[in-house]
Amino acid sequence: MPLFTFPGVYAPQEDTRLLIAALRRECLPPAARVLDVGTGSGALALAASLHGAAEVTAVDVSLRAVLSARLNGLLARRPIRTVRGDLLGPVAGQRFDLVLANPPYLPAPPARYPPRGAARTHDAGEDGRIVLDRLCAGVPAVLSPSGVLLLVHSSLCRVDVTLELLARAGLPARVTDRVLTRLGPVTLARADWLADRGLIEPGQEKEELVVIRAQAP
């Protein structure tokens, strides 16, 4: 369905569609509670609601993203609870049967200040893992027993590290989906820097996106 996004809010792209495809394969338990971390437009939250989730919570640090997700929920007539806050902080003490996450994961050159505006939707430090590492460490605390995490990110920020961190946190994980996609305009604009760091090959035009599935005991 068409979605509205305020300026500076992450609009659904290939990684969003890949994660939605993985979501649709999940068999949700009765009265399932779903969390969408870093919701952006609310696309994943809406997909979870349409997939049969009884309760969907969408969190984002950006006020514009929260307003976009809230508006899209209203337009679609789906009961989406939207909360503004940093990552898992707003849902501390709550448990969910499914956590969806499409966090910022693009490696970025050192900046004088933390990313702001549209850059905050994709830039994630020099290794692309500023948000990913925090998410891997914190997600076990919000998963119900047998709860599932579905996480999408690029191979540019090391899939093996994500799998290892989730395993250390007690969440056995595996890659369920892979797709090659063209480098986006932001990535292409810093291609020389990425090549200098060995994250891509000179002249590389594609990157691999993966969905990682982890499940609580």
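The values are calculated or read from the model by the stated rules, or taken from the named source; none is laboratory data. Please read these numbers as outputs of a predicted model, since none were measured by experiment. Counting neighbours? That spans all protein chains shown, and the Cβs are built from the backbone with ideal geometry, glycine included.
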Out of curiosity, is Arg25 surrounded by 15 or more Cβ atoms within 10 Å (Cβ to Cβ) and basic (Lys, Arg)? no
Being in a loop (DSSP other than H, G, I, E, B), surrounded by fewer than 22 Cβ atoms within 10 Å (Cβ to Cβ) and within 14 Å of the chain's Cα centre (by Cα) is the requirement here; does Asp86 meet it? yes
Would a scan of segment 200-213 turn up a residue that is of a type in the set (S, T, N, Q) and over 25 Å from Pro12 (Cα atoms)? no
Contacts under 8 angstrom Cβ, first residue in segment 160-178 being within 17 Å of Val99 (Cα to Cα), partner of a type in the set (Gly, Ala, Ser) and assigned to a helix (DSSP H, G or I), 6 or more apart: Leu165/Ala137; Ala169/Ala137; Ala173/Ala167; Thr176/Ala22; Asp177/Ala21; Asp177/Ala22
Within segment 180-202, is there a residue that is over 15 Å from the mean Cα position of the chain (by Cα), buried (at least 16 other Cβ atoms within 10 Å of the Cβ) and on the phi > 0 side of the Ramachandran plot? no
Would a scan of segment 108-121 turn up a residue that is in contact with a Lys or Arg (Cβ under 8 Å, 6 or more places away or on another chain) and at pLDDT 95 or above? no
I'd like to check something: does segment 185-205 contain any residue that is small (Gly, Ala, Ser) and in contact (Cβ under 8 Å) with a residue 40 or more places away in the chain? no
Taking Ala53, is it in contact (Cβ under 8 Å) with a residue 12 or more places away in the chain, buried (at least 20 other Cβ atoms within 10 Å of the Cβ) and assigned to a loop (DSSP other than H, G, I, E, B)? yes
